[in-house]
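S.K.: I'd like to ask some things about the structure below.
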Amino acid sequence: MDIVVPREHWDSLTEDQRQEVTTTLQASGALQRGDRIVAGDVELQFAPEAQIMADGPCQAACTAAYGRATRLCTLLPHPAAKAACYAGAMAVYAVCLRNC
């Protein structure tokens, strides 16, 4: 699955930084094997009304994966990589909730 993050976040990274972000999100469980992060002309919208909310175990699992991902994103050394990582975590969280 393609995880679309804002172009300005992804395109500002070096290839090594992109790999760090991808590896970080995979380590958190947010990205699965075969998923990839791609740049797109999207705006991040994390307001509750922009998300399809689910209840129960599925939402809890999505929220837990998002929490793990953002904690690991904080460990990245480059501010631009952190921003892209947070954007990826947010995009994965939205997809996860829509699939509940």
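S.K.: What percentage of the solvent-accessible surface of the chain, computed with a 1.4 Å probe over protein heavy atoms, is contributed by carbon and sulfur atoms?
M.R.: Numbers: 3060 of 5640 Å².
Carbon and sulfur: 54 percent of the exposed surface of the chain.
S.K.: Run the numbers on the chain and let me know its relative contact order in percent, using alpha-carbon pairs under 8 Å that are six or more apart. Don't jump to the answer; show the numbers that get you there.
M.R.: Details: 140 pairs, mean separation 42.9, N = 100.
Worked out over the chain, it gives 43 percent.
S.K.: By accessible area of protein heavy atoms, probe 1.4 Å, what ranking do Arg33, Arg7, Arg98 get, highest first?
M.R.: Numbers: Arg33 230, Arg7 95, Arg98 125 Å².
Sorted by accessible area, descending: Arg33, Arg98, Arg7.
S.K.: Which one of Ala64, Ala83, Ile37 has its Cα pushed farthest toward the positive end of the charge dipole of the chain, where Lys and Arg give +1 and Asp and Glu give -1 at the Cβ?
M.R.: Toward the positive end, the furthest listed residue is Ala64.
S.K.: Near the amide H of Val4, under 5 Å away, which other amide H atoms are found, from residues 5 or more places off or on another chain, if H is placed in the peptide plane?
M.R.: So Val4 has HN proximity to Val38.
S.K.: Here is a follow-up. Helices from the chain with mean Kyte-Doolittle at least 0.0 and a Cα length along the axis of 27 Å or more, per DSSP H: which?
M.R.: Details: long enough: 79-99 (30 Å, 0.81).
Qualifying helices: 79-99.
S.K.: Cα convex hull of the chain: mean projected area in nm², to one decimal? It would help to have the intermediate numbers written out before the result.
M.R.: Values: hull surface 23.4 nm².
One quarter of the hull surface, i.e. the mean projection, equals 5.9 nm².
S.K.: Then there's this: Out of residues 5 or more away from Leu31 or on other chains, whose amide H comes under 5 Å of its own, with H placed 1.01 Å from N in the peptide plane?
M.R.: Under 5 Å from the amide H of Leu31: Gln26.
The values are calculated or read from the model by the stated rules, or taken from the named source; none is laboratory data. The shown structure was predicted, so the numbers you read here are calculated from the model rather than taken from an experiment. All Cβ positions, glycine included, derive from the backbone under ideal geometry; neighbour counts span all protein chains shown. Areas reflect the complete protein model, heavy atoms only, side chains present, ligands, DNA and RNA absent. Shrake-Rupley method; radii C 1.70, N 1.55, O 1.52, S 1.80 Å.
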